Amino acid sequence: MKMVVSPSFASLRPLLERIVAGTYTPQHVYCHRRNVVERVVAADRQCVVVKRFRTPNALNRWVYGLLRKSKARRAYEYGMRLLQAGIATPQPIAYMEERRGCRFARSWLVSEQAKGTPFSELYACLRNQAAQGDGEAATTMQQLRTALTKYVIHLEQHCICPGDFNHANIIVEQREGRFHFQLVDINRMRFGRTPTLKSTMKMYSQFCRSYQDAVDFLSLYAESKGIDFDHCMYVFARQRHHLLRRKQRKQMAHKLLHDDRQ
């Protein structure tokens, strides 16, 4: 067992050991699908978030055991890099890895709890209110779109490109009349190179849930960057097509694997 703990949270080591042993009681379960995400209360009443990653398949156990960093380790290290760059994300507390010989088994990431509301919840609420004729909600929606556009450009300026840029992975907090964003689920990130239009449109292809979303957000992005909107939409459409094709291939591969096991 490998356990890496941020020095600032050394006092939480007993809790981390219980998490690995499975002898803890979660206060709330956020997600229990491919990965498990839970809120746990420490002895000092501090709330932490535990993410237990799914055990990889037989091949990937060797890959993660010998060649690649685990998702938990990447999320921990990327979180530290984001904070050093001034990009908000929940403070990483620790990551743990379990191996059986050279084969990777399980991993956990523990971090502080994010403050705010998932973008998905806030945007859906504002959209519903605006559809019922609430002019203030419509104005707030536009302010939120504008703030997110500035945030995307801010990430570009810091040469940061998230690999899972979707509504659920962006936490929004409103303070002093301004929107502030935090990134979560950050085990797939690219650092060090200025994102191209293609890579940014790939981010938006994950983020936009409809054609109208694409128009609303990309028109602001194109205006802010001083580039052609139609060209943005063209690149976006290609990236969206590739994304859907990849999802279809993954679903087919999963179905074939499941059928073989039966």
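The values are calculated or read from the model by the stated rules, or taken from the named source; none is laboratory data. From a predicted model like this one, the values you see are computed outputs, not experimental measurements. So basically every Cβ, Gly included, is an ideal-geometry build from the backbone, and we count neighbours across all protein chains shown. In case anyone asks, the SASA skips ligands and DNA or RNA and just uses the protein heavy atoms, side chains included. Shrake-Rupley method; radii C 1.70, N 1.55, O 1.52, S 1.80 Å.
Cβ-Cβ distances below 8 Å connect the following pairs, each with a first residue in segment 147-166 that is closer than 17 Å to Phe191 by Cβ, a second residue that is among the acidic types (Asp, Glu) and open to solvent by 40 Å² or more (accessible area, probe 1.4 Å), and a separation of six or more residues or different chains: Asp164/Asp185.
Considering segment 203-226 alone, what residues qualify as being open to solvent by 60 Å² or more (accessible area, probe 1.4 Å) and modelled with pLDDT of 95 or more? Residues satisfying the conditions are Glu223, Ser224, Lys225, Gly226. Residue count for segment 114-142 under the criterion of being surrounded by fewer than 16 Cβ atoms within 10 Å (Cβ to Cβ) and assigned to a loop (DSSP other than H, G, I, E, B): the result is 4.
For segment 18-50, the set of residues classified as in contact (Cβ under 8 Å) with a residue 24 or more places away in the chain, assigned to a strand (DSSP E or B) and among the β-branched types (Val, Ile, Thr) consists of Val40, Val48, Val49, Val50, listed by residue number.
Determine whether Glu156 is assigned to a helix (DSSP H, G or I) and either under 30 Å from Tyr24 (Cα atoms) or open to solvent by 60 Å² or more (accessible area, probe 1.4 Å) (or both). Don't jump to the end; show me each part of the working.
Working: assigned to a helix (DSSP H, G or I): yes; either under 30 Å from Tyr24 (Cα atoms) or open to solvent by 60 Å² or more (accessible area, probe 1.4 Å) (or both): no.
Here the answer is no, as Glu156 does not meet what is asked.
Quick check on my filter: what residues within segment 54-89 are buried (at least 20 other Cβ atoms within 10 Å of the Cβ) and closer than 19 Å to Val20 by Cβ? Hits for segment 54-89 are Pro56, Tyr64, Ser70, Lys71, Ala72, Ala75, Tyr76. As a summary of the residue check, Arg190 satisfies the conditions (1) modelled with pLDDT under 95; (2) out of contact with any Cys (no Cβ under 9 Å at 6 or more places or on another chain); (3) not in a helix (DSSP H, G or I) except for the one numbered (2).
Can you tell me which residue in segment 11-34 is nearest to Arg45 (Cα to Cα), limited to those that are among the aliphatic types (A, V, I, L, M) and either loosely packed, with under 11 Cβ neighbours inside 10 Å or touching an Asp or Glu at 6+ places or on another chain (Cβ under 6 Å) (or both)?
Val29
On the stretch given as segment 198-252, residues that are over 22 Å from the mean Cα position of the chain (by Cα) and either β-branched (Val, Ile, Thr) or not in a helix (DSSP H, G or I) (or both) total 5.
Checking the conditions here, which among Glu121, Glu173 is under 29 Å from Arg34 (Cβ atoms), in contact with a His (Cβ under 6 Å, 6 or more places away or on another chain) and among the acidic types (Asp, Glu)? Among Glu121, Glu173, only Glu173 is under 29 Å from Arg34 (Cβ atoms), in contact with a His (Cβ under 6 Å, 6 or more places away or on another chain) and among the acidic types (Asp, Glu). Please indicate, with yes or no, whether at least one residue in segment 227-236 is acidic (Asp, Glu), over 21 Å from Lys150 (Cβ atoms) and exposed (fewer than 14 other Cβ atoms within 10 Å of the Cβ). For segment 227-236, residues acidic (Asp, Glu), over 21 Å from Lys150 (Cβ atoms) and exposed (fewer than 14 other Cβ atoms within 10 Å of the Cβ): present.
In segment 78-90 there is at least one residue matching the filter, namely being part of a helix (DSSP H, G or I), under 25 Å from Pro118 (Cβ atoms) and touching a Phe, Trp or Tyr at 6+ places or on another chain (Cβ under 7 Å). Filtered by the rule that a residue be buried (at least 19 other Cβ atoms within 10 Å of the Cβ) and over 16 Å from the mean Cα position of the chain (by Cα), segment 35-53 gives Val40, Val48.
Between Asp185, Asp164, the distinction of being buried (at least 19 other Cβ atoms within 10 Å of the Cβ), out of contact with any Phe, Trp or Tyr (no Cβ under 8 Å at 6 or more places or on another chain) and at pLDDT below 95 belongs to Asp185 only.
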